[in-house]
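**Q** Take a look at the following structure, please.
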Amino acid sequence: NVVREGTDATVVAIGKMVSEAEKAAAALSEEGIEVEIIDPRTLLPFDMDTVIQSAKKTNRIVIVHEAVKNGGIGAEISAQIQEQAFDYLDAPVTRVAAPFAPVPFSPALEQSYVPNAESIAKGVRAAGQGVMQGGTDFKGGDNEFEILKEMARQSGRPLSVSVAQHHRVTEGWKN
């Protein structure tokens, strides 16, 4: 289901992220970036034909979902796009998703954890520049690591070794 027609980038938004993608598209339109939004409605069966047709038109794909980026449904959709529409892409498929971390209990941290219109717009801009967003970070900076550090600080417990090893640990960081 094509929710919004566009020419500069395609956003494949899943579930609640459709409304956030619409907000991002409205903001990006003011910058002269026209975003096509696809709501697949179902993941199985998945309408890959609509996504491929849109990739032919916009040459850039951004996948948005609330699940974690690593191993999430966006990774599978991205793999299928790479297999079936690679020749039409001018930039790597960009994924905007939650970080590979426990979902925070704090409402303030949860707002930073779940993708929003701002992070979607940032992902579209990154796709437009033909660059990949850094590491596993869903917002293109060190926000994921900052969220994990804040979660550890609030709980009074150190980050688990497995989570800490997964993330880029900056110099000078201490438990």
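**Q** Name the long-range amide H neighbours of ALA67: under 5 Å, sequence gap of 5 or more, or other chain; modelled H, no Pro or chain starts.
**A** ALA98
**Q** Under a 1.4 Å probe, what is the accessible area of the stretch 1-113 per residue, stated in Å²? Numbers along the way, then the final one.
**A** On the way: 5410 Å² over 113 residues.
Roughly 48 Å² per residue, with all protein chains present.
**Q** Output wanted: per-residue J couplings in Hz (rounded whole) for the stretch 87-102, from phi through Karplus 6.51 cos²θ - 1.76 cosθ + 1.60, θ = phi - 60°, x for Gly and Pro.
**A** 5, 8, 8, 9, 8, x, 5, 9, 10, 10, 7, 6, x, 7, 7, x
**Q** What FRET efficiency, computed as 1/(1 + (r/R0)^6) with R0 = 22 Å and r the Cβ-Cβ distance, is obtained for ALA79 and ASN1, rounded to the nearest 0.05? Before the final figure, lay out each step's value.
**A** On the way: r = 22 Å, r/R0 = 0.99.
Plugging the Cβ-Cβ distance into 1/(1 + (r/R0)^6) gives 0.50.
**Q** Now for a different question. Could you run the Karplus curve 6.51 cos²θ - 1.76 cosθ + 1.60 with θ = phi - 60° over the stretch 105-117 and give me ³J(HN,Hα) per residue in whole Hz, x for Gly and Pro?
**A** For the stretch 105-117, the Karplus-derived couplings read 7, 5, x, 5, 6, 4, 5, 7, 6, 7, x, 9, 4 Hz, x marking Gly and Pro.
**Q** Residues with amide H under 5 Å of THR10's amide H, sequence separation 5 or more or different chain, H placed in the peptide plane at 1.01 Å from N; which?
**A** HN-HN under 5 Å from THR10: GLU36, ARG60, ILE61, VAL62.
The values are calculated or read from the model by the stated rules, or taken from the named source; none is laboratory data. Predicted, not measured: the structure shown is a model, and the values here were computed from it. Cβ atoms come from the backbone with ideal geometry, glycine included; neighbour counts cover every protein chain shown. Note: areas computed on protein heavy atoms with side chains; ligands, DNA, RNA excluded. Shrake-Rupley method; radii C 1.70, N 1.55, O 1.52, S 1.80 Å.
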